[in-house]
Amino acid sequence: MDAQETLLKELLDKQAKGELKAKDRYAIPPQQMPEQDSVARRRTMTEVALGYTATQARLEALRCLGCANAPCVEGCPVRIRIKDFITEIAAGRFDKALAIIKENSLLPAVCGRVCPQEVQCQERCTVGKKFKDPTMSVSIGRLERYVADLDKGNAETPHIAPPTGKKVAVIGSGPGGIVVAADTRRAGHEVTLFEAFHKPGGVMVYGIPEFRLPKTIVQKEIDVLKQMGVNIVCNFIVGRTRTIEQLMKEDGFDAVYVGVGAGLPKFMNIPGEHLVGVYSANEYLTRANLMKAYAFGKGADTPIAVGKNVAVLGGGNVAMDAARMAVRLGAEKVYLVYRRSEAEMPARIEEVHHAKEEGVIFCTLQNPKRILGNDAGCVVGMECLRYELGEPDESGRRRPVEIKGSEFVMDVDTVIVAIGNGANPLIQQTTPGLEFNKWGNIVVDDNCRTSMKGVYAGGDIVLGAATVILAMGQGRIAAESINQDLK
Amino acid sequence: MTYKIVSKKQLSENVFQIDVEAPLVAQARKAGQFVIVSPDTDAGERIPLTIAGADRKAGTIRLIFQRVGKATAQIADIPEGGALGYVAGPLGRPTHIEKVGTVVCVGGGIGAAPLLPIATAMKEAGNTVISIIGARNKELMILEQEFAALSDELILVTDDGSYGRKALVTEPLKEVCSRPVKPNLAIAIGPTIMMKFCCEVTKQFHIPTQVSLNTIMIDGTGMCGGCRVEVGGKTKFVCVDGPEFDGHQVNFDQMMRRMTAFKDLEKKAMEQYQQHRCKIGLK
């Protein structure tokens with residue numbers, strides 16, 4: 001028996017005698033996530049975080065105080081009964097833990113990996129508060145992932161209500177669409193899930209890299225939908241292949257959920273952005289993930305430029321994904337250029353940490369002024385300016401102020417722009433009567449109903465830029481509205 | 001959905017015409033729109049091809065493409081009765097069709113294919129259509145009969161004089177524009193360099209000119225931004241803002257440079273594929 005197993009046994013014995021006090025729980029060391037070596041993983045696409053062992057999971061679960069008011073649940077967009085599932089893990093009843101999670105979340109293996117727990121459930125954790133350090137909170141996400149990964153898919157297909165004779169169209173097969181499809185199918189409706197790409201999964205397939213979210217996990221969730229009898233149609237661009245109006249008036253759909261996700265990538269609007277070697281993060285990641293450009297010439301046919309020196313512009317999770325992908329594609333130097341300081345970066349701490357471990361060079365308080373090209377129109381450098389932090393702006397973050405005359409040239413041949421997305425214009429171009437705000441996002445009420453009867457929307461097309469879990473949360477609300485309205 | 005190739009014709013050494021089963025696309029498509037296709041269902045390259053025509057009853061669309069890289073070579077190797085990996089579309093904004101008077105339609109090389117449905121629609125809208133179709137040589141001239149049938153006047157040119165007039169398309173275009181009754185609209189589709197020079201001609205005569213751009217794309221729905229071009233000093237996405245633009249506003253030089261982004265890798269893929277074909281005995 002190793003030290004951890006011994007510790008677990010001691011703690012369980014104590015608990016059995018009713019002697020396990022809060023101070024004992026505080027004393028349990030937070031369980032670190034086993035990870036691939038930070039040097040070895042720079043050349044592989046396989047997942048970085050390897051997952052807890054059973055002993056680790058139970059030890060981590062025993063750190064939970066089981067607060068009566070469970071503040072963590074308040075922090076969860078889909079209100080998973082966190083305290084209860086953790087209690088089951090501590091007791092070694094992993095199946096039960098998973099069943100509790102599945103009451104509220106359809107994609108635990110995904111959310112356990114990509115949810116920003118540190119600003120949701122874990123931010124509110126009493127243990128973290130006690131230590132005045134959010135990184136000391138119970139690792140709820142890792143526990144969720146642990147039990148989700150044990151799920152071998154042998155579980156019975158969710159119960160489906162008798163056929164209602166009603167038809168639901170779900171547009172977009174990302175996290176929101178998957179939830180809507182599952183929830184409306186359970187209610188007995190005939191459900192068709194439409195996807196524009198040739199593979200379902202949305203951002204989980206084209207955007208989030210394999211090393212952070214293995215594609216087999218997403219495929220498993222899609223397979224569950226198929227087992228439930230959801231009809232999945234790929235290569236179908238709603239608005240163009242069929243309009244929403246045609247779906248409802250001619251094809252007999254009673255309800256349509258619009259979850260088309262991120263739209264037009266934003267650029268910096270600086271000179272040189274049209275040069276060869278400048279990508280949007282969407283393009284770079286889609287080439288690498290969906291089209292498997294990392295295997296170019298070895299079974300995949302979509303090319304990607306393997307830059308020698310790569311600059312990624314932005315400080316969010318997508319910027320981290322792009323930078324870490326560039327490392328894996330063989331770049332010698334990868335710079336992450338962000339105009340504020342690291343404290344203001346919207347990316348998850350874990351992603352920042354992983355990127356640094358993998359050798360990404362953080363250039364904070366810097367911003368490009370123009371991208372420099374040669375006669376052939378290829379990137380040969382990027383002129384940047386240095387910044388300092390001034391007074392807080394309307395976002396509450398300290399405003400970056402440029403330092404006059406601080407221009408310098410960064411030696412790069414590839415620039416990846418990861419500063420967010422505007423709304424996709426396709427639905428707006430093709431759906432008269434649907435209300436949009438001035439940014440092109442669909443306007444919905446609290447229950448995800450749009451201005452058109454029978455049409456619902458959620459995720460990035462409504463929220464601008466969101467996360468997997470927020471899209472799922474909206475999907476859940478929309479599905480509830482659909483199920484109610486179709487009664 | 002099987003995307004079966006129901007008929008296949010080789011129009012010249014490297015140009016192929018296929019009719020593909022895609023009933024929803026056949027029904028929805030309008031002149032000027034394109035599809036994204038791939039030779040296989042997984043990691044094959046996604047390429048945009050303009051729709052050259054459709055048969056709604058049969059549920060098929062017509063694609064005419066030139067064998068230039070691996071993806072097009074793979075598609076060219078699929079026999080009649082075989083199937084594409086997938087077809088997604090129709091994409092892009094349809095051509096704005098209205099009666100303007102006289103429309104001069106210029107098609108260069110493979111560009112004659114996307115031009116055909118637009119010229120047809122312009123004719124059906126009541127316009128007088130003058131077509132100028134150019135190719136490098138006689139062998140590469142396509143769709144002559146189709147254009148002859150729909151045009152009020154047809155001018156054929158080849159670079160080497162092996163068929164029609166020995167000229168570049170810009171020469172007859174300039175003559176047409178110089179006539180006492182100027183055309184009201186020009187449409188030019190073909191190699192980027194050809195569109196650029198056509199626009200330089202029509203600009204002198206102040207004739208509004210539409211061009212259809214065929215840039216590098218992945219999704220074709222506005223998500224990746226790989227297709228971006230500068231039009232009138234602003235960044236536009238060919239897939240959702242185009243593919244047709246005011247030719248006098250397009251930054252063609254920049255577009256031509258962007259088209260070369262992957263040329264070395266594309267060449268490598270093509271070479272690999274040709275070697276592979278030799279090994280498995282395809283010709």
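The values are calculated or read from the model by the stated rules, or taken from the named source; none is laboratory data. Nothing here was measured: the structure is a model prediction, and the numbers come from that model. Backbone-built Cβ (ideal geometry, glycine too); neighbour counts: all protein chains shown.
Some points to look at:
- Residue check, A:V306 touching a Gly at 6+ places or on another chain (Cβ under 8 Å), touching a residue at least 24 places away in the same chain (Cβ under 8 Å), farther than 23 Å from A:V203 by Cβ and surrounded by fewer than 21 Cβ atoms within 10 Å (Cβ to Cβ): yes
- None of A:A319, A:A355, A:A347, A:A295 is within 14 Å of chain B (Cβ to nearest Cβ), out of contact with any Ser or Thr (no Cβ under 8 Å at 6 or more places or on another chain) and either closer than 28 Å to A:K199 by Cβ or β-branched (V, I, T) (or both) except A:A295.
- Against the list (1) within 11 Å of chain B (Cβ to nearest Cβ); (2) part of a strand (DSSP E or B), the condition A:Y284 fails is (2).
- When B:K174, B:K182, B:K166, B:K203 are checked against the criterion of being among the basic types (K, R) and closer than 30 Å to A:P271 by Cβ, B:K203 stands alone in meeting it.
- Of all residues in the stretch A:372-391, those that are away from chain B (no Cβ under 14 Å) have Cβ atoms under 8 Å from Cβ atoms of residues that are hydroxyl-bearing (S, T, Y), 6 or more apart or on another chain, in A:L385/A:S406; A:R386/A:S406; A:L389/A:S341.
- The helices (runs of 4 or more DSSP H) found wholly in the stretch A:193-262 include none carrying at least 3 residues that are out of contact with any Asp or Glu (no Cβ under 9 Å at 6 or more places or on another chain) and within 11 Å of chain B (Cβ to nearest Cβ).
- Residue selected from the stretch B:202-241 under the condition on the phi < 0 side of the Ramachandran plot, assigned to a loop (DSSP other than H, G, I, E, B) and at the interface with another protein chain (Cβ under 7 Å from one of its Cβ atoms), by the criterion surrounded by the most Cβ atoms within 10 Å (Cβ to Cβ): B:M223
- Selection from the stretch B:84-96 of residues that are more than 17 Å from B:C239 (Cβ to Cβ) and either over 18 Å from the mean Cα position of the chain (by Cα) or crowded, with 17+ Cβ neighbours inside 10 Å (or both): B:L84, B:G85
- Residue check, A:L365 more than 9 Å from every other protein chain (Cβ to nearest Cβ), more than 20 Å from A:R42 (Cβ to Cβ), buried (at least 19 other Cβ atoms within 10 Å of the Cβ) and touching a Lys or Arg at 6+ places or on another chain (Cβ under 8 Å): yes
- Here the stretch A:332-346 is the region considered, the condition is being surrounded by fewer than 23 Cβ atoms within 10 Å (Cβ to Cβ) and among the aliphatic types (A, V, I, L, M), and the residue that is nearest to A:T44 (Cα to Cα) is A:M345.
- The residue that is surrounded by the fewest Cβ atoms within 10 Å (Cβ to Cβ), among those in the stretch A:31-55 that are among the charged types (D, E, K, R) and part of a loop (DSSP other than H, G, I, E, B), is A:D37.
- Taken together, B:P180, B:P172 contain a single residue that is at pLDDT below 95 and either part of a loop (DSSP other than H, G, I, E, B) or crowded, with 16+ Cβ neighbours inside 10 Å (or both), which is B:P180.
- Test for A:A97: is it part of a helix (DSSP H, G or I) and either of a type in the set (S, T, Y) or farther than 16 Å from A:P175 by Cα (or both): yes
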